[in-house]
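Below is one structure, written out as structure tokens; comments come after it.
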Amino acid sequence: MSAKEPQQQPFSMMARARSFRYAFAGWWYVLRTQQNAWIHGVVSIGVVLVGLWLGLSRTDWAILIITITIVWIAEFMNTALEAIIDMLMPDYHPLAKVAKDVAAATVLVGACSSVLVGLLILGPPLWLRLTG
């Protein structure tokens, strides 16, 4: 084993528990600091509740869960990238702005496409339920 290779640590339940704690700390950080994350949260809960009310199929649930997850992943990555840029580039730099804007655009694209997916999946059965 070379000096640069990390040593493999034996399996530890405590280490696994810590990794989950770090992940939830990251999620909580996003919720505490990113206003749009609250919008994602409220919409995610709303979509799940409407889906339960409509009795969606497994396939529809799978698509909705993937779609919701993509938006959250984009929000998490955007927040992480912004933190890295702020740490490395505390003063304004045009390339830092580009990186932040593109990361924000990722969230926007995910959110807009999730609205379209939501309308395609929830729209018809919701319309029938409300008008029928």
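Every number in this text was worked out from the coordinates using simple rules, so none of it is lab data. Predicted model only: the values in this text are computed from it and were never measured. For neighbour counting, all protein chains shown are included, and Cβ atoms are generated from backbone atoms with ideal geometry for every residue, glycine included.
Numerical summary
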quantity	calculated
Some residue of the stretch 37-47 being farther than 19 Å from Leu64 by Cβ and either among the aliphatic types (A, V, I, L, M) or in contact with a Gly (Cβ under 8 Å, 6 or more places away or on another chain) (or both)	no
Long-range neighbours under 9 Å by Cβ, at least six apart or interchain, first residue within 14 Å of Ala111 (Cα to Cα) within the stretch 36-54, second of a type in the set (Asp, Glu) and surrounded by 16 or more Cβ atoms within 10 Å (Cβ to Cβ)	Asn36/Glu75; Ala37/Glu75; His40/Glu75
Residues of the stretch 9-35 that turn out to be over 11 Å from Glu75 (Cα atoms) and either of a type in the set (A, V, I, L, M) or in contact (Cβ under 8 Å) with a residue 60 or more places away in the chain (or both), as a count	6
Selection count, the stretch 55-73, where residues are under 18 Å from Ala104 (Cβ atoms) and either loosely packed, with under 14 Cβ neighbours inside 10 Å or of a type in the set (Phe, Trp, Tyr) (or both)	2
The stretch 20-44, residues that are of a type in the set (S, T, N, Q) and either under 25 Å from Ala62 (Cα atoms) or surrounded by 10 or more Cβ atoms within 10 Å (Cβ to Cβ) (or both)	Thr33, Gln34, Asn36, Ser44
Close pairs from the stretch 103-132: first within 19 Å of Ile63 (Cβ to Cβ), partner hydroxyl-bearing (Ser, Thr, Tyr) and part of a helix (DSSP H, G or I), Cβ under 9 Å, at least 6 apart	Gly110/Thr67; Ser113/Thr67; Ser114/Thr67; Val117/Thr67; Gly118/Thr67; Ile121/Thr67
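Condition check ((1) under 16 Å from Leu108 (Cα atoms); (2) touching a Cys at 6+ places or on another chain (Cβ under 6 Å); (3) of a type in the set (Phe, Trp, Tyr); (4) outside any helix (DSSP H, G or I)) across all residues:
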| site | (1), (2), (3), (4) |
| --- | --- |
| Lys4 | no, no, no, yes |
| Gln9 | no, no, no, yes |
| Ala23 | no, no, no, no |
| Asn78 | yes, no, no, no |
